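Asks: Below are the structure tokens for one structure; questions will follow.
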Amino acid sequence: MTDIPKMDTDTLTMTTQTEPGSAIARAAMIDSQLRTSGVNEEFALARMMAVPREEFLPADKQALAYIDRSVAVSGGALASPLFYGKALIEAVPTRDDSVLVVEGGTGYLAALLAPMIGALDTLSAEEAVAETVPQAKYSLIMIDGAIEALPSALATSLMENGRIVSGLLLRQVTRLATGRKVAGQVTLQPVEDLGIPVLHPFDAPKKWTFS
């Protein structure tokens with residue numbers, strides 16, 4: 001497990017030193033996409049102001065970093081700003097949390113979380129479904145995309161009363177979902193419909209039907 005260095009709370013309000021246009025775009029993203037959609041918690045807004053989205057995209061996609069929908073990249077996607085803002089406020093990460101992030105292909109979610117939590121591990125979607133999950137217990141699991149089914153290895157790695165925040169694909173509609181491990185069981189409950197990139201390694205097995 002990777003230990004995350006502690007940071008002063010003032011750090012959460014600092015922006016990364018990038019081109020001025022990036023900072024302006026991030027401020028506009030917060031005002032026009034996040035606050036207007038109910039994301040007003042300062043800890044979430046501070047992290048999304050601090051982390052430039054374009055740094056997690058290839059050069060030919062960086063101009064799309066602050067649009068209000070996901071951006072496809074090789075091996076995954078950078079989800080919309082609203083997904084990350086909503087996911088953060090559902091998770092409420094703290095310094096006491098040991099967190100597992102299942103990546104969507106960019107590393108952006110892990111970068112948002114790192115200064116706020118105690119320890120962080122990451123997995124690709126392929127590793128998660130192959131059940132190569134670290135032998136650890138996590139207080140929080142965050143999945144950077146929408147899944148159809150939660151692998152048993154991920155559920156097992158969540159400690160009792162631990163939280164999970166993920167996208168959920170249900171009847172071809174993607175939703176933000178949350179869950180908590182109670183009596184050894186984890187169930188994802190939809191929070192709201194939201195456009196979220198689908199992580200196809202988590203697709204449920206198809207069932208045969210006969211006409």
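Asks: One residue is enough: does segment 76-86 have a residue meeting the conditions aromatic (F, W, Y), part of a helix (DSSP H, G or I) and closer than 15 Å to G195 by Cβ?
Replies: There is at least one residue in segment 76-86 that is aromatic (F, W, Y), part of a helix (DSSP H, G or I) and closer than 15 Å to G195 by Cβ.
Asks: Take A153 and tell me if it is part of a helix (DSSP H, G or I) and surrounded by 13 or more Cβ atoms within 10 Å (Cβ to Cβ).
Replies: Yes; evaluated as a whole, the condition is true for this residue.
Asks: Where residues in segment 1-26 are under 24 Å from V73 (Cα atoms) and part of a helix (DSSP H, G or I), which of them is modelled with the lowest pLDDT?
Replies: This residue is G21.
Asks: Something else: In segment 91-109, how many are surrounded by 18 or more Cβ atoms within 10 Å (Cβ to Cβ) and under 13 Å from the mean Cα position of the chain (by Cα)?
Replies: Count: 12.
Asks: Continuing with this model, one more query. Out of K137, K181, which single residue is basic (K, R), surrounded by fewer than 17 Cβ atoms within 10 Å (Cβ to Cβ) and over 19 Å from R47 (Cα atoms)?
Replies: Unique residue meeting the criteria: K137.
Asks: Continuing with the same structure: Just wondering, is there one or more residues in segment 160-168 that are in contact with a helix residue (DSSP H, G or I) (Cβ under 6 Å, 6 or more places away or on another chain) and buried (at least 18 other Cβ atoms within 10 Å of the Cβ)?
Replies: Within segment 160-168, one or more residues are in contact with a helix residue (DSSP H, G or I) (Cβ under 6 Å, 6 or more places away or on another chain) and buried (at least 18 other Cβ atoms within 10 Å of the Cβ).
Asks: Which count do you get for residues in segment 126-144 that are in contact (Cβ under 8 Å) with a residue 40 or more places away in the chain and in contact with a strand residue (DSSP E or B) (Cβ under 6 Å, 6 or more places away or on another chain)?
Replies: Residues in segment 126-144 being in contact (Cβ under 8 Å) with a residue 40 or more places away in the chain and in contact with a strand residue (DSSP E or B) (Cβ under 6 Å, 6 or more places away or on another chain): 8 in total.
The values are calculated or read from the model by the stated rules, or taken from the named source; none is laboratory data. Bear in mind that the values here come from a model prediction, so they are computed numbers and not experimental data. FYI the Cβ positions are ideal-geometry reconstructions off the backbone, even for glycines, and counts take in every protein chain you see.
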